[in-house]
Amino acid sequence: MNITSFVFYCFIVTFTPGPTNIVILSTVHNSGTKKAMEYTYGATIAFGFLLAISAMLNTILATVIPKILIVMQILGSFYMLYLAYQVYKMDSSKPTINQTGTFMSGFLTQFLNPKVVIFTMTVIPTYIMPYYVSMPAVTIGVITITVIGFLAFITWVLFGAIFKEFLQKHKKIVNVLMALFLVYAAIMVWV
């Protein structure tokens, strides 16, 4: 296995903007670091769970992928559009209950995030299983990828915390931009 290629692929996919990272940044901006961390924990656990599912059911999923992908594309696109609407209408000057920054929201977003689903369905069979099939080796791979994903989420939380004052000063523009990024992500699912 080419470890450099594997790690590079994991870092690129997890650190680049996607629905989860955009919601994390928006949550830090509108609700603070603590709320963003709650969301991040849910997202991380779901990410690891999806990796484990991929590792255990890889052969079964390979025969069902076309059916799963279309359902995930539809659900994921609608969910990202819903998140875009929620981000767009957020007003951090008013105290509101933010349902997008919860542990459960972070957890569920991963299952409806096409970027994450496609990544988890491909990374294990592409980089791990051709070289290692023992349960301990695959488990180490799942844990390693989950930790890389968590580091990516934490980076987005830190970015939001560092630039929070700037983001607060330009909150409407920031919310519109983040909403547009989510709409773009929903569209890119189909390209």
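The values are calculated or read from the model by the stated rules, or taken from the named source; none is laboratory data. Because the structure is a prediction, the values reported are computed rather than measured. Note that we place each Cβ from the backbone using ideal geometry, even for glycine, and neighbour counts take in every protein chain shown. For accessibility, only protein heavy atoms count, side chains too; no ligands or nucleic acids. Shrake-Rupley method; radii C 1.70, N 1.55, O 1.52, S 1.80 Å.
What to note about this one:
- Odd one out for MET104 among (1) within 20 Å of the chain's Cα centre (by Cα); (2) surrounded by 14 or more Cβ atoms within 10 Å (Cβ to Cβ): (2)
- Search result, residues across the stretch 112-138 that are open to solvent by less than 40 Å² (accessible area, probe 1.4 Å), of a type in the set (A, V, I, L, M) and farther than 16 Å from ASN21 by Cβ: MET121, VAL123, ILE124, ILE128, ALA137, VAL138
- Members of the stretch 15-52 found to be open to solvent by 10 Å² or more (accessible area, probe 1.4 Å) and of a type in the set (Ser, Thr, Tyr), listed by number: THR16, SER31, THR33, TYR41, THR44
- Test result for PHE78, modelled with pLDDT of 70 or more and surrounded by fewer than 15 Cβ atoms within 10 Å (Cβ to Cβ): yes
- Test set (1) surrounded by 14 or more Cβ atoms within 10 Å (Cβ to Cβ); (2) in a helix (DSSP H, G or I) - LYS172 fails condition number: (1)
- Among the residues listed as VAL147, VAL117, VAL138, the single one being within 14 Å of the chain's Cα centre (by Cα) and in contact (Cβ under 8 Å) with a residue 40 or more places away in the chain: VAL117
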